[in-house]
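K.L.:
To start, I am sharing the structure in question, which I have written as structure tokens.
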Amino acid sequence: MPFPFLLWGAGALGIGAIGWIGKMTWDYFDEKAEAERQEQERRRDRDKRAWAYYQAVVLLQGKTGAGKDTILHILEGKGFTEQHKSTAQHWSEKTITQWRWQLFNTAGRDDASDSKSKKRLDLLDSDEEIKDKQLKKLVWLYVFDMQKYDKDYIKADYDEAKAQGIAFRAVGTHLDKVSKEQAEQIEKELKKAKIPYYPYDMTQNPREELKEMILAAQGA
């Protein structure tokens with residue numbers, strides 16, 4: 001029985017019904033709590049099976065338009081795509097069966113929707129067994145447009161990943177659209193901050209280079 005109707009029933013039946021209504025209220029919340037507990041248990045079991053299957057789990061984060069979807073397309077084997085639908089308002093999840101990889105596209109700190117932010121936070125489970133598996137497989141890629149370089153955003157995510165023990169890589173896109181001097185300055189600043197950094201020209205479809213970078217990050 002829905003809880004609002006229980007409250008209405010208490011008023012309609014009078015003081016003598018308070019004990020009965022109290023029991024019904026308790027049963028309602030007890031059943032709800034049990035249903036939530038069972039759902040959490042099912043989710044944890046599902047996650048355990050998933051983490052046992054995946055060889056790598058890649059979290060892509062960054063501002064809208066940075067190139068996360070482009071990287072997803074390239075890693076999936078679809079090649080470089082000049083125009084595609086942005087996933088700015090929701091997180092997307094892809095599986096590369098060939099490699100047994102799971103890819104998550106989430107938002108950056110400046111434009112994260114609730115679902116994207118929650119997905120990023122949910123990737124590290126409180127269950128220690130799952131967490132141990134995650135830390136060995138999870139690679140956090142902060143993707144940024146080199147034309148709109150902002151070290152503070154990168155540093156904030158790097159610090160968070162480092163605190164959680166997650167392998168982190170800053171991935172610069174649009175290398176073909178910045179000058180040699182700009183590219184060198186970005187590399188110099190990130191190297192000074194000790195942030196692992198990899199720039200790419202996505203028009204060259206660097207699938208193998210991205211794959212090797214992620215695998216190397218797991219073994220770092």
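The values are calculated or read from the model by the stated rules, or taken from the named source; none is laboratory data. Remember, it's a predicted structure, so these values are computed and weren't measured experimentally. For neighbour counting, all protein chains shown are included, and Cβ atoms are generated from backbone atoms with ideal geometry for every residue, glycine included. In case anyone asks, the SASA skips ligands and DNA or RNA and just uses the protein heavy atoms, side chains included. Shrake-Rupley method; radii C 1.70, N 1.55, O 1.52, S 1.80 Å.
K.L.:
Can you tally the net charge around MET146? Count Lys and Arg as +1, Asp and Glu as -1, for every other residue whose Cβ sits under 14 Å from the Cβ of MET146.
P.N.:
Residues near MET146 contribute -2 overall.
K.L.:
If you don't mind, there's one more thing I want to ask. Note down the relative contact order for the stretch 122-220 as a percent, whole number, built from C-alpha pairs under 8 angstrom at least six residues apart.
P.N.:
Relative contact order comes out at 30 percent.
K.L.:
Now for a different question. If you add up the charges near GLY77, with Lys and Arg at +1 and Asp and Glu at -1, over every other residue whose beta carbon is less than 12 angstrom from its beta carbon, what do you get?
P.N.:
In short, +2.
K.L.:
Heavy-atom accessible area of PHE144 with all protein chains present, probe 1.4 Å, nearest 10 Å²?
P.N.:
Surface accessible to solvent at PHE144 totals approximately 10 Å².
K.L.:
Please tell me which of these pairs span more than 23 angstrom C-alpha to C-alpha: LYS63/LYS177; LYS133/LYS211; LYS94/LYS136; LYS63/LYS162; LYS133/LYS188; LYS63/LYS155?
P.N.:
Table pairs above 23 Å Cα-Cα are LYS133/LYS188.
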